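Worksheet for the structure shown next.
The values are calculated or read from the model by the stated rules, or taken from the named source; none is laboratory data. Everything quoted here is computed from the prediction, not taken from an experiment. Because the Cβ atoms are built from the backbone with ideal geometry, glycine has one as well, and the counts that use them run over all protein chains shown.
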Amino acid sequence: MERVTVELISTKEFSHVNKGYNPKEVDEFLDDICDEMERMEAEIKDLRQKTTVVRPIQPAAAPQPSAETPGEDVTAQFKEILMTAQQVKEETIRKAKEDAEAIRAKAEAEATERLDGLSEERDSLNRQITELKTTAANYRQQFEQLLQAQQEALEKATDLF
């Protein structure tokens, strides 16, 4: 797998599918991740610079332990810093996954709510259509009755002339 970098996140393209995530929200979230990664990279760089400057400080009267050399002490500190950075990275990834899941769940809830609202609106419109059809059928029947009455009246009037 390719190493995840700020540049990779910034240039990553995703395919579009129906019922997918809001691209603007995804882009904003990825921007937040990039910002956090840049901050962490700067912090790691700063810590690395500090570890190269750090020298073991020991009192003049205290003898140096024979098992360790000054270079080993710096190496141990560097390993500890790297372990801390690894933990921060893992925590950031875990948090990002939690945030992504929360965003997904919120989007699903909003979509479900919107669909429910649209279903209710559709049902209401269908009821209105049925009512309009019934009203139109009643008007048509009344109009046909009126026309028939008029025709009968004309026929009676023809007998008069």
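Just one of Leu118, Leu146, Leu125 is more than 29 Å from Asn18 (Cβ to Cβ), aliphatic (A, V, I, L, M) and assigned to a helix (DSSP H, G or I); which is it? Lay out the reasoning, then the answer.
Values: Leu118 fails: more than 29 Å from Asn18 (Cβ to Cβ); Leu125 fails: more than 29 Å from Asn18 (Cβ to Cβ).
The unique qualifying residue is Leu146.
Close contacts from the stretch 97-117, counting a first residue that is more than 13 Å from Val26 (Cα to Cα) and a second that is at pLDDT 90 or above and not polar (S, T, N, Q), with Cβ to Cβ under 6 Å and a gap of 6+ residues or different chains, come to none at all. Condition (residue is of a type in the set (D, E, K, R), at pLDDT below 85 and surrounded by 12 or more Cβ atoms within 10 Å (Cβ to Cβ)) applied to the stretch 99-116: is it met by at least one residue? Checking the stretch 99-116: not a single residue is of a type in the set (D, E, K, R), at pLDDT below 85 and surrounded by 12 or more Cβ atoms within 10 Å (Cβ to Cβ).
Within the stretch 1-45, the set of residues being in a helix (DSSP H, G or I) and more than 16 Å from Lys89 (Cβ to Cβ) comprises Glu7, Ser10, Thr11, Pro23, Lys24, Glu25, Val26, Asp27, Glu28, Phe29, Leu30, Asp31.
Does any residue of the stretch 46-68 turn out to be surrounded by 13 or more Cβ atoms within 10 Å (Cβ to Cβ), in a helix (DSSP H, G or I) and at pLDDT 80 or above? Yes - at least one qualifying residue is present in the stretch 46-68. Pairs are defined by a Cβ separation below 9 Å, a sequence spacing of at least 6 or placement on different chains, a first member in the stretch 24-46 that is farther than 13 Å from Val4 by Cα and of a type in the set (A, V, I, L, M, F, W, C), and a second member that is surrounded by 13 or more Cβ atoms within 10 Å (Cβ to Cβ) and at pLDDT below 85; no pair meets this definition.
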